[in-house]
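The values are calculated or read from the model by the stated rules, or taken from the named source; none is laboratory data. Every value quoted in this text rests on a predicted model; they were computed, and no experiment measured them. Surface accessibility is based on the protein's heavy atoms, side chains included, excluding ligands, DNA and RNA. Shrake-Rupley method; radii C 1.70, N 1.55, O 1.52, S 1.80 Å.
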Amino acid sequence: LFRMVEQMRTLIDTAAANGMLTDALPLAVDIECLGSYGWSVWATAVPELRRFVNRVYERTGRKPVLYTSKTMWRQVMGNAKGFGDLPLWVACWRCAKPYIPVGWKTWRFWQIRPYKIPGIPRKVDGNVFKGTDESLQLWRGQPMVIDGGATISGDLLVDLELGSVGGTEVRTRDDASDWTD
């Protein structure tokens, strides 16, 4: 979570350069740490992560997925409860069912265990999507398009192409104000 703005820009610029912002699953943010890197300061980590995911949303029109485990969420984020609005990719290997971190009621992806795939020299992570093949394809989605592709509009009335963006409400803002309710 250090250098949050630089990391967010690098993530989005790299994803955009590789065609990963359209016809792709949402970006994912990995929330875990190693003791050798030091310990997380929750008072800093929680607001930094919220700023990071908000900026990803502002730049892409999509909420990122948070990848973590129940243990890592406690260690890195102090069991912060304010992130349940984001899709969860929970790591819980060899579990009969995933242990959900504090703040979420369910998961979107579950990393269940490593698998050996013929032709690949080492095991790879196995993941499960909670939904149907059709809902996974819809979730890949396209970002919202404003006025036929304009990056910005000064008009009071704009056309929105929502693609597969879910929801029933739209929040707006101009450069000088906060997001609307």
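Here are the numbers for the structure shown:
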quantity	calculated
Sequence of Leu49, Leu156 from largest to smallest accessible area, 1.4 Å probe	Leu156, Leu49
Among the listed pairs Lys81/Lys116; Lys63/Lys130; Lys81/Lys123, those beyond 27 Å (Cα-Cα)	Lys81/Lys116; Lys81/Lys123
Heavy atoms of Tyr57 accessible to a 1.4 Å probe, total area in Å² rounded to 10	80 Å²
Karplus (6.51, -1.76, 1.60) ³J(HN,Hα), θ = phi - 60°, over the stretch 11-19, in Hz, Gly and Pro reported as x	4, 5, 5, 5, 4, 5, 5, 10, x
With all protein chains modelled, accessible area of Trp139 [1.4 Å, Å²]	50 Å²
Global form of the stretch 11-70, assessed from the alpha-carbon gyration tensor, a/c cut-off 1.5	prolate
Stokes-Einstein D in µm²/s, Kirkwood radius over Cα pairs - the stretch 1-145 at 4 °C with 1.567 mPa s viscosity	79 µm²/s
Heavy atoms of Glu6: accessible area, 1.4 Å probe, square angstrom to 10	110 Å²
Calculated P(r) of the stretch 40-119 - Cα pairs past 21 Å, %	33 percent
Solvent-accessible surface ranking, highest first, for Trp179, Trp107, Trp73 at 1.4 angstrom	Trp179, Trp107, Trp73
Heavy-atom accessible area order for Phe129, Phe52, largest first, 1.4 Å probe	Phe129, Phe52
